[in-house]
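Structure first, commentary second.
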Amino acid sequence: MKVNIVNLEKKLNLSAKALDTLTSHTIYVGIRDPENAMKAFRNEFGCWNEKAQRMNPARPFMAKTFRGERQRVLKNIVSRQVKKVAAMGWQEKGAMRALQDIANLTAEQVKNTILSGRFTPNAEATIEKKHHSQVLVGKTGDMYNSIEGWVEWAFILMQWVIWVSQEELLK
């Protein structure tokens, strides 16, 4: 999802620092843990199951979150956060908090998409193994629970995009 910031400072009387915060940060929603990210990838696009010698179906929970009805919900989330920051006077701290809130609320929407259950059902053997029929929520719930939203600062140097986490900047 892309948020257009063109001429926003004039329309909303943004402070220079708030504008810089909004335009120099990127919102990410996903899974940072490599093991759970691989589970998510296999579920999103489908994969070959060597034990059962068949294809596990794709269950595109990320793609579904950013399409159709959920896209309208996400736009409303962004709009509400922008209005909240505007009410606080467009300070840099408020803009950063709004970006993190958007990231967190979007991660919740991804989880809501999973819980909606509108995917190919699990096979009976999978249900027996997991002890429940909820698609995309494994026996331990590790992949589902690792879905998160975060904000990182990005800057361009010699036409290379470099991503730096906030934790790295504060070291």
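The values are calculated or read from the model by the stated rules, or taken from the named source; none is laboratory data. Since this is a predicted model, take the numbers as computed values, not measurements. So basically every Cβ, Gly included, is an ideal-geometry build from the backbone, and we count neighbours across all protein chains shown. Each accessible area value is taken on the protein alone, full model and side chains, heavy atoms only, with ligands, DNA and RNA left out. Shrake-Rupley method; radii C 1.70, N 1.55, O 1.52, S 1.80 Å.
Taking all protein chains together and a 1.4 Å probe, the residues K111, K64, K93, K83 rank K93, K83, K64, K111 from largest to smallest accessible area. Amide H to amide H distances under 5 Å link H25 with A154, where only residues 5 or more positions off or on other chains count and H is placed in the peptide plane. Using 0.36 nm per residue, how much length does the chain from K93 to S116 gain when fully extended, once their Cα-Cα distance is taken away? Here the segment from K93 to S116 would lengthen by 4.8 nm.
Just order 141-150, 118-127 by mean Cβ neighbour count inside 10 Å, highest at the front, would you? Don't skip to the answer; put the middle values down first.
On the way: 141-150: 17.6, 118-127: 13.5.
In decreasing order of mean packing, 141-150, 118-127 become 141-150, 118-127.
For N56, list long-range residues whose amide hydrogen, built 1.01 Å from N in the peptide plane, is under 5 Å from its own amide hydrogen. Those lying under 5 Å, H to H, from N56 are C47, W48, N49.
Taking all protein chains together and rolling a 1.4 Å probe, M96 ends up with roughly 40 Å² accessible.
Convex hull volume of the Cα atoms of segment 23-63, normalised per residue: 75 Å³.
Summing +1 for each Lys or Arg and -1 for each Asp or Glu among the other residues whose beta-carbon sits under 13 angstrom from that of F119 gives +2. In vacuum, with every alpha carbon of segment 42-142 counted as one equal point scatterer, what does the Debye formula give for log10 I(q)/I(0) at q = 0.10, 0.22 Å⁻¹? Two decimals, please. Listed by q, the Debye log ratios stand at -0.41, -1.11. Between the amide H of G141 and any residue lying 5 or more places away or on another chain, no distance stays under 5 Å, with hydrogens modeled in the peptide plane.
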